[in-house]
1. Among the listed residues A135, A159, A140, which satisfies the condition of being among the small types (G, A, S) and in contact with a Leu (Cβ under 9 Å, 6 or more places away or on another chain)?
2. Please go through the range 278-307 and give me each residue that is crowded, with 19+ Cβ neighbours inside 10 Å and either touching a Pro at 6+ places or on another chain (Cβ under 7 Å) or acidic (D, E) (or both), ordered by number.
3. Could you tell me which numbered condition D162 fails, if it satisfies all but one of (1) within 26 Å of P104 (Cα to Cα); (2) at pLDDT 95 or above?
4. Specify the residue that is nearest to R248 (Cα to Cα); the eligible residues are those in the range 111-131 that are of a type in the set (A, V, I, L, M) and buried (at least 22 other Cβ atoms within 10 Å of the Cβ).
5. Hey, among the residues in the range 16-31 that are in contact with a Lys or Arg (Cβ under 8 Å, 6 or more places away or on another chain) and either over 18 Å from P199 (Cβ atoms) or not charged (D, E, K, R) (or both), which one's modelled with the lowest pLDDT?
6. Determine whether the range 102-122 contains at least one residue that is of a type outside the set (S, T, N, Q), over 23 Å from P207 (Cα atoms), assigned to a strand (DSSP E or B) and touching a residue at least 40 places away in the same chain (Cβ under 8 Å).
7. Name the strands (runs of 3 or more DSSP E) wholly within the range 168-262 that hold at least 1 residues that are free of Cβ contacts under 8 Å to residues at least 40 places away in the same chain and touching a strand residue (DSSP E or B) at 6+ places or on another chain (Cβ under 8 Å)?
8. Any chance the range 302-310 includes a residue that's in the same structural domain as L208 (by TED's automatic domain parsing), among the aliphatic types (A, V, I, L, M), in a loop (DSSP other than H, G, I, E, B) and at pLDDT 95 or above?
Amino acid sequence: MRCDDLQVFSLTVPPEERLDLALQEALAEAGRELSRSQVQKLLRQGLVKDADGSALLKPGISFTVEREVELSLPIDAYATEPEPVEDDLDIVFEDRYLLVVNKPRGMPTHPSAGHNRDTLVNVLLHRYGVDGLSACNGHARRGIVHRLDMDTTGLIIVAKDDETHQRLAEALAGQKIKRIYAALLVGVPEEDSGTVDAPLMRSSDNPLRWEVSAGGRRAITYYSIIRRYENYSLVQAELLTGRTHQIRVHMAYIGYPIFGDRRYGLSRRASGDKVTLPALSGQALHAARLIFIHPHTGAELDLSVELPDDFSNLLKYLE
């Protein structure tokens, strides 16, 4: 990814998957959530190129083997300038290049359908202005290097300039930023730790859901149990890849969905549970720790933040 007026993505198209769907999924993982019709328009405009430089114009084509393509996207395509909104920010680290924010539950990372004024980007714009945040992901996602789901709490990195953003994005793509989460699972795995290596792709039945599929992109989550309860378990989960909803889908896939996850947790209930737990307004998933090398100073940043009160109270209730 380059930070220019034209954003260039090198994307991998899995075998036997429609080109337009594959591009839509890959762009979503990179923080650009376009509709299928918008992706098809980019194809018709000749903005998707094969390795030999020829334009790929047909949305419905697929390849027999994995294919690398390049997509050029106007940096502010399909985006409108968000409105600055005054609100509190829980800043864990800040210098002239970047900041790390502890995002609260219920706050989307960036504007999307139905969320135009209540996002982290709106608050960042009020505090730093358009000139104080990177523009690599377009003005609707100013400063945003990676995202958290609306109801996932915890640490998120924000870049103040394009060079910092580009270096952080490269570190993220190279798996050099360690992201560690705390999650409360419904059920208790037998093993103390495990690795879920299962490819993910957007569901063909529901574009808001992701699912394990052989045709998806490789996704790896490592987890270890911190504490067992009667019908629940507190785990530490580390992302070895960064797919959309990865931890949520992976934990549900192995039979232990995250408590409070209304999208992926409905298929399993804690059986024989004698305790009625306090409700959460979202899933019990918290981005608790970030470890990475500062892109300018070279210093290692090891940042952590405590569980939010509602998550902490859940654990007290179980204890």
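The values are calculated or read from the model by the stated rules, or taken from the named source; none is laboratory data. Not measured: the values here are computed from a predicted model. Please note: Cβ atoms are built from the backbone with ideal geometry, for glycine as well, and neighbour counts cover all protein chains shown.
1. A159
2. Selection gives H286 alone.
3. (2)
4. For the range 111-131, the residue satisfying everything is L120.
5. Filtering the range 16-31 for residues that are in contact with a Lys or Arg (Cβ under 8 Å, 6 or more places away or on another chain) and either over 18 Å from P199 (Cβ atoms) or not charged (D, E, K, R) (or both), the one modelled with the lowest pLDDT comes out as G31.
6. Scanning the range 102-122 turns up at least one residue that is of a type outside the set (S, T, N, Q), over 23 Å from P207 (Cα atoms), assigned to a strand (DSSP E or B) and touching a residue at least 40 places away in the same chain (Cβ under 8 Å).
7. Qualifying strands (runs of 3 or more DSSP E): 193-197, 210-212, 220-228.
8. No, there is no match, as no residue in the range 302-310 is in the same structural domain as L208 (by TED's automatic domain parsing), among the aliphatic types (A, V, I, L, M), in a loop (DSSP other than H, G, I, E, B) and at pLDDT 95 or above.
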